[in-house]
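As structure tokens, the structure follows; a few thoughts come after it.
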Amino acid sequence: MKRGRRSEGKRRTSNQEKGRRGRKTPVEAESLRKRTVKEGREVPGGVRFVRVISHDPAAGDEQGIPLTVRGLYRGAYRMEGDDGTAFLCARENAKGALVGDEVLAERIGRESVVVLRVTRRAHEIIMGVLRVHGEESVILPLERRLPPEIPVEGKLEPAQDGDIVRTRVIRWEDEGGLCVCLEDRIGSFQQTTCALDALVMSQHLRTAFDREVLAQAEECRPARLEDDPEREDLRGILSFTIDGRDAKDFDDAVSLEVLENGHALLGVHIADVGHYVPQGTPLDREAYRRGTSVYLPGRVLPMLPEQLSNGVCSLRPQEDKFTLSALMEMDETGRVVRECLKRTITRSKARLVYDDVNAFFAGAQQETRQLGALGDTLLAMRALAEKLRARREAGGCIDFETEEPQFVLDEEGEPVEIVKRERGDAEKMIEDFMLAANESVARFARERHVPLLYRVHEKPDPDKLAVFADFLDGIGVNARRIRHHAAPGDIRAVLESTKDRPEYSAITTLALRSMQKARYDPKPLGHFGLAMGDYCHFTSPIRRYPDLVVSRAVTAALTGQRASLTGEALADAALRSSDCERAAVEAERAADKLMMARMMARHVGEIFSGKVSSVTEFGLYVELSNGAEGFVPVRTLDDWFDFDERRLTLRGERTGTVFSLGQELEVRVENVELTLCTIDLAMITPLSAGKSREKSPRKQERERMREFSR
């Protein structure tokens, strides 16, 4: 039987490797055991073998590195330190750690570690679907990075096969094998609302607010200037909000005034949440724990209680609100010539909706009549936004046109359709204004040495850039300036020059993958993607804790007080905010996968067109025409396929068929696994009817030696 191998940048995968990723026959295992394998070396089959290292507790753990287990990478655990440094740890050396656990580890190489001990368990409670097999029972965890099946001990009543259950770990992996006991039945997995509830629990997201928190929120009263007479009264200016049609938490309002010198005075007015949520209060502690609002299909888990997020703090029309205003005077080119921050009280004159403003920009007569006097201001705002955008683009700002799926739900919460919302002129305009305000506040803080949480985005990893450059070279795009130390403008130039190519979506995806993850930091390290030296998050304090921290810091600077969060506490807030953001993104993606699977379960057997969104050694991910994404296993294709890691393609040995990113295909929905949220596809597009390629002498010799070794 042919086996997978790794050589010359390619990996072969056959249709006979179903369920055998990394597993060895007894003969192969014995052969490998006799070899001397160095730490971290890759061996045939793509399995990473690492020596098992025992630790003497008497030696002490004081030299250990605190790490968090983030996921799996080629059979090993990937772990990260607080500074983002990544390490690999073989499962044999992980002390039973699971994804999400915090551990103390010892370095045994440049990129490898062994776990000394687990310091915090992330999965004492595990949500899953109960499966009963005779006298044996297991759960299938909803957290996909946990083991696929976990044994259940003890009584099962009142749960039945197929129910969603909450379980508690009674034995860990290093104590004889992971095992759980049943604590509660959540509901039937057939109901989307129950499945989504369980997913929220499995992601350890906070839902209900404590009485103490709600009591403090109830005490917050509407803004009155006599309560804070030192604020500047801007209620007379024409300010308004522009948000989505379903939005209720209005963080920001905008205004525009033409000055006597012909310059434009842009005002970005942000809800002063810090006025209602002082440092150290129950509301603040709860916001710190949540870190961010989480937006799931059909529901929102807010960072703050609705009394604040949708009420007292929200910039609802015709209501007085306490705000922090960034006022920026801009010349005819969009350059900021003067800027200031003020504590203000404002009054939004209107609540506008993106769709309506976009229709107005497109010339819809009905919208023109409805907007009335606001129309001239909106047109002037759009013109200013275009100047701001042109300046950013000239500076090298990278604009990734990403589309997030939005689900249309029926009355029972079941997904019936996926829509992808494109950014119109209205969305881009507000984004331009928020970027300008964020940059202005970050510049204000750095120049005055105000302790702040900056939004930082460091330079791409050189290895990831090399992968991106290899792909570009493979499709005939000049990647000379990308390969090592690319500037933002270099990446932007590639995206601009390839907009009309069929591989553009793949190029954008790989460019994104080459980027570092943006995070929060007390130091102004700059933002690579935006090509900005000064940047922070200031404009969404209702739904992001870092913005609330910035709001308080600005208020302290303007009133001559000391910032409430400094030093170690500020650094801890940066780490916590970054972790909460990551958890929210993971939860939102998991919810999207859940909804996609449930929607596609009604389409099993149907044929869809789609585009290849990702290529791996094991098959193709295909984005369907309706927005869902499924997987075509290479084992189901009638050929042997070589995986080219440089060009990210699969090439058939017998037919010469090549599958690449962005390629259009026809597929059939073969199966949907709701528990795992996977959609299996079958290829309908026929493979090329070509002749087998002649094998090189080197390839023939390798295959002869492989047969001999068996």
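Quick notes on this one:
- Single condition residue 161 does not satisfy, out of (1) within 35 Å of the chain's Cα centre (by Cα); (2) more than 18 Å from residue 190 (Cβ to Cβ): (2)
- Output for region 109-119, where each listed residue is within 18 Å of residue 92 (Cα to Cα), assigned to a loop (DSSP other than H, G, I, E, B) and open to solvent by 40 Å² or more (accessible area, probe 1.4 Å): 111
- Selection within region 637-658 - open to solvent by less than 80 Å² (accessible area, probe 1.4 Å) and over 31 Å from the mean Cα position of the chain (by Cα): 637, 639, 640, 641, 652, 653, 655, 656, 657
- Options 577, 564; residue that is closer than 30 Å to residue 548 by Cα, at pLDDT below 95 and among the hydroxyl-bearing types (Ser, Thr, Tyr): 564
- For region 76-99, a residue qualifies if it is open to solvent by 20 Å² or more (accessible area, probe 1.4 Å) and within 22 Å of residue 179 (Cβ to Cβ), and the qualifying residues are 77, 91, 92, 95.
- Set 329, 339, 411, 401: member being closer than 20 Å to residue 246 by Cβ and not small (Gly, Ala, Ser): 411
- Contact map, region 329-353: first residue at positive phi, second residue open to solvent by 40 Å² or more (accessible area, probe 1.4 Å), Cβ cut-off under 9 Å, separation 6 or more or different chains; pairs are 334/386; 334/387; 334/389; 334/390; 334/391.
- Of the strands (runs of 3 or more DSSP E) lying entirely inside region 539-639, those containing at least 3 residues that are within 23 Å of residue 517 (Cβ to Cβ) are 607-616.
- Screening residue 192 against (1) buried (at least 19 other Cβ atoms within 10 Å of the Cβ); (2) without any contact (Cβ under 8 Å) to a residue 40 or more places away in the chain; (3) in contact with a Gly (Cβ under 6 Å, 6 or more places away or on another chain) leaves a single unmet condition, (2).
- Test: residue 511 is within 19 Å of the chain's Cα centre (by Cα) and assigned to a helix (DSSP H, G or I): yes
- Only a single item in (1) within 30 Å of residue 458 (Cβ to Cβ); (2) of a type outside the set (Ser, Thr, Tyr); (3) open to solvent by 70 Å² or more (accessible area, probe 1.4 Å) is not met by residue 417, and it is number (1).
- Looking across region 120-137, the residues that are assigned to a strand (DSSP E or B) and either open to solvent by less than 20 Å² (accessible area, probe 1.4 Å) or modelled with pLDDT of 95 or more (or both) come down to 126, 127, 128, 129, 130, 137.
- If you go through region 253-278 and keep only what is within 15 Å of residue 322 (Cα to Cα) and either open to solvent by 20 Å² or more (accessible area, probe 1.4 Å) or in a loop (DSSP other than H, G, I, E, B) (or both), you end up with 272, 275, 276, 277, 278.
- Close pairs from region 461-472: first closer than 14 Å to residue 615 by Cβ, partner assigned to a helix (DSSP H, G or I) and not aromatic (Phe, Trp, Tyr), Cβ under 7 Å, at least 6 apart: 471/510
- Screening residue 662 with (1) within 30 Å of residue 287 (Cα to Cα); (2) of a type in the set (Gly, Ala, Ser); (3) at pLDDT below 90; (4) open to solvent by less than 20 Å² (accessible area, probe 1.4 Å) gives one miss only, at (1).
- Residues being open to solvent by 50 Å² or more (accessible area, probe 1.4 Å) and small (Gly, Ala, Ser) - total across region 498-532: 1
- Among the residues here, residue 617 qualifies as of a type in the set (Asp, Glu) and touching a residue at least 40 places away in the same chain (Cβ under 8 Å).
- Candidate set: region 405-423, residues that are free of Cβ contacts under 8 Å to residues at least 12 places away in the same chain and not in a strand (DSSP E or B); chosen: the one nearest to residue 627 (Cα to Cα): 410
- Flag: residue 625 does not match the condition of being touching a residue at least 40 places away in the same chain (Cβ under 8 Å) and open to solvent by 20 Å² or more (accessible area, probe 1.4 Å).
- The single residue among 285, 221 that is more than 28 Å from residue 418 (Cβ to Cβ), open to solvent by 10 Å² or more (accessible area, probe 1.4 Å), of a type in the set (Lys, Arg) and outside any helix (DSSP H, G or I) turns out to be 221.
- Considering (1) touching a residue at least 12 places away in the same chain (Cβ under 8 Å); (2) open to solvent by 60 Å² or more (accessible area, probe 1.4 Å); (3) not in a strand (DSSP E or B), the lone condition that residue 157 does not fulfil carries the number (1).
- Long-range neighbours under 9 Å by Cβ, at least six apart or interchain, first residue free of Cβ contacts under 8 Å to residues at least 60 places away in the same chain within region 564-593, second open to solvent by 60 Å² or more (accessible area, probe 1.4 Å) and part of a helix (DSSP H, G or I): none
- Matching residues in region 41-74 - criterion: being outside any strand (DSSP E or B), modelled with pLDDT of 50 or more and buried (at least 16 other Cβ atoms within 10 Å of the Cβ): 64
- Candidates 442, 487 - the one that is surrounded by 19 or more Cβ atoms within 10 Å (Cβ to Cβ) and on the phi < 0 side of the Ramachandran plot: 442
- Exactly one residue out of 267, 298 is in contact with a strand residue (DSSP E or B) (Cβ under 7 Å, 6 or more places away or on another chain) and on the phi > 0 side of the Ramachandran plot: that is 298.
- Once region 377-404 is narrowed to residues that are among the β-branched types (Val, Ile, Thr) and in a loop (DSSP other than H, G, I, E, B), the residue that is nearest to residue 498 (Cα to Cα) is 398.
- Checking each residue in region 424-454 for being among the aliphatic types (A, V, I, L, M) and assigned to a helix (DSSP H, G or I) picks out 426, 429, 430, 434, 435, 436, 437, 441, 442, 445.
- Taking region 336-374 as the range and being open to solvent by 50 Å² or more (accessible area, probe 1.4 Å) and of a type in the set (S, T, N, Q) as the test, the residues that pass are 365, 366, 368, 370.
The values are calculated or read from the model by the stated rules, or taken from the named source; none is laboratory data. All values reported here derive from a predicted model rather than from experimental measurement. In this analysis, Cβ positions are derived from the backbone assuming ideal geometry, glycine residues included, and neighbour counts consider all displayed protein chains. Ligands, DNA and RNA are excluded from the accessible area calculation, which covers all protein heavy atoms including side chains. Shrake-Rupley method; radii C 1.70, N 1.55, O 1.52, S 1.80 Å.
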